[in-house]
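The values are calculated or read from the model by the stated rules, or taken from the named source; none is laboratory data. The shown structure was predicted, so the numbers you read here are calculated from the model rather than taken from an experiment. No Cβ is skipped: glycine too gets one built from the backbone with ideal geometry, and neighbour counts run over all protein chains shown.
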Amino acid sequence: MLIGVLGLAVGLGVGGVALVAALGFALQRTADTEAFTTADAVASLVTAEALPDPLPVAGSEVRVQVVDAQGRVRAASIGADRLVPILYAAERARATDRTGLFIPGERLGLRGPVRVVAVPAGPPGARETVLVAKSMADIAHSVDLLKVTLLITFPLMVAVLAAVAWRVVGATLRPVEALRAGAEEITDGGLPGQLPVPASRDEIHRLAVTLNGMLDRLAGARARQRAFVADAAHELRSPLANMRTQLEVAQRLGGRTDWPAVADDLLVDTERLARLVDDLLLLARADDASEAQRRQIGPVELGELLALLITRYPSPPVRFVPPATPLWTSGEPDGLTRVVANLLDNAVRHARSEVVVTATQAGGWHLVTVSDNGPGIPAADRGRVFDRFTRLDDARARDAGGAGLGLAIVRELVRRHGGSVTLTDAGPGLRVEVRLPAEGSAV
């Protein structure tokens with residue numbers, strides 16, 4: 001605000017100086033024009049040898065003399081001195097060739113500064129000079145009046161404009177202050193909230209809407225983080241509690257403990273705990289953009305990858321339908337292997353008799369499907385099964401070995417490869433479709 005007012009004051013000051021200078025120059029040019037007009041008229045009378053006595057002039061503030069080469073006054077107007085020339089000899093030498101100069105008004109009995117112009121007249125052998133003196137008092141008074149007016153009005157104008165600008169800027173920034181106060185309340189309280197949205201449809205309104213959207217996303221991220229930490233702690237506590245219980249029972253039994261059986265049970269819980277930790281680390285790396293940028297990307301042939309992975313599962317129930325042509329994509333071999341392995345683990349766990357794996361090409365995409373004839377997943381639950389630590393009561397149980405992270409890992413890995421994963425019906429059962437970009441296609 002201060003910079004703007006100072007800039008306005010400087011601009012008005014420079015404009016005022018330019019206005020005064022332009023007005024003074026224009027008025028002086030007008031006075032010179034009138035004086036030269038009078039001098040030219042008298043010069044024509046000199047040439048015609050028809051000088052009247054006294055010389056005719058218009059106005060009481062004008063004096064005219066005709067002076068010969070020796071400085072003698074040959075003719076003068078009413079009020080002009082008939083003995084002493086208007087200009088001294090040195091001044092007449094500087095006022096030749098239709099030029100003008102200023103002299104004090106007291107010399108001629110006129111008010112203010114006087115402008116004198118000189119015009120040569122007569123034949124070349126008997127040159128004379130016509131001197132016309134015109135008082136500049138009225139012009140000086142006009143310029144002074146303009147200066148006083150500007151000195152009075154410009155500060156008032158700056159003050160009024162500053163007050164108006166202060167009110168306008170204050171009204172404009174009032175919603176910003178409301179946003180700041182709302183943000184401070186949200187920050188101090190540590191609770192989710194909404195910033196006030198102004199009624200005006202301007203940039204501040206759009207800023208408030210954008211900030212509220214950001215706060216909603218941050219609140220959602222905090223809620224997901226708290227849920228993730230709570231679920232992870234619960235999942236990690238379960239195998240640890242089982243291991244501790246088995247060790248306490250074995251310690252109480254002493255020599256009657258079947259240590260090989262205890263070791264087998266502890267190994268199962270340890271493997272379950274290791275898988276859970278690996279899954280949590282994989283999801284944490286998937287959330288880390290820098291880690292995703294550092295992963296090794298290369299060409300992968302999906303048919304070969306699936307054929308090698310299928311050998312780890314019994315046949316039946318797993319049956320693989322190989323693609324007719326090689327299906328090349330760009331991605332992480334380990335990540336794509338983890339995607340299909342998680343889908344096969346789920347399908348084998350819930351299938352009644354058969355799991356079918358296929359790979360086909362559809363336009364610029366490769367489609368990998370894993371189908372089973374198990375109980376399937378209701379359509380209403382197919383969106384939330386991709387959330388972390390999500391189990392369905394009739395399809396997932398902790399005793400079955402699932403921690404609710406398999407499909408979440410699948411979604412994150414497929415998304416990182418530029419693809420998508422969807423769940424559909426497979427008659428009786430569930431079909432999982434993984435769509436990956438073909439190598440060289442635009443994602």
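Structure notes:
- Selection status of Val158, touching a residue at least 40 places away in the same chain (Cβ under 8 Å), in contact with a Ser or Thr (Cβ under 7 Å, 6 or more places away or on another chain) and buried (at least 17 other Cβ atoms within 10 Å of the Cβ): no
- Of the residues contained in the stretch 246-255, one or more are found to be in contact with an Asp or Glu (Cβ under 7 Å, 6 or more places away or on another chain), crowded, with 16+ Cβ neighbours inside 10 Å and more than 21 Å from Asp387 (Cα to Cα).
- For the stretch 85-98, the condition of being among the small types (Gly, Ala, Ser), within 29 Å of Val143 (Cα to Cα), crowded, with 18+ Cβ neighbours inside 10 Å and in contact with a Leu (Cβ under 8 Å, 6 or more places away or on another chain) holds for at least one residue.
- Subset of the stretch 340-364 (residues that are over 17 Å from His417 (Cα atoms), among the small types (Gly, Ala, Ser) and in contact with a strand residue (DSSP E or B) (Cβ under 7 Å, 6 or more places away or on another chain)): Ala347, Ala351
- Qualifying residue in the stretch 399-408 (condition: farther than 22 Å from Leu273 by Cα and either at pLDDT below 90 or in contact with a Pro (Cβ under 6 Å, 6 or more places away or on another chain) (or both)): no
- The lone criterion from (1) at pLDDT 85 or above; (2) of a type in the set (Val, Ile, Thr); (3) in a helix (DSSP H, G or I) left unmet by Thr129 is number (3).
- Test result for Val158, outside any loop (DSSP other than H, G, I, E, B), of a type in the set (Val, Ile, Thr) and more than 60 Å from the chain's Cα centre (by Cα): no
- Residue match in the stretch 381-389 (condition: over 37 Å from the mean Cα position of the chain (by Cα) and at pLDDT 90 or above): no
- Selection of strands (runs of 3 or more DSSP E) fully inside the stretch 322-374 by the criterion of at least 1 residues being small (Gly, Ala, Ser) and surrounded by fewer than 17 Cβ atoms within 10 Å (Cβ to Cβ) returns 355-362.
- Members of the stretch 138-184 found to be basic (Lys, Arg) and under 29 Å from Arg111 (Cβ atoms), listed by number: Lys147
- Sole exception among (1) touching a residue at least 12 places away in the same chain (Cβ under 8 Å); (2) over 60 Å from the mean Cα position of the chain (by Cα); (3) under 24 Å from Ala140 (Cα atoms) for Pro104, by number: (1)
- Condition check for Ala140: part of a strand (DSSP E or B) and touching a residue at least 12 places away in the same chain (Cβ under 8 Å): no
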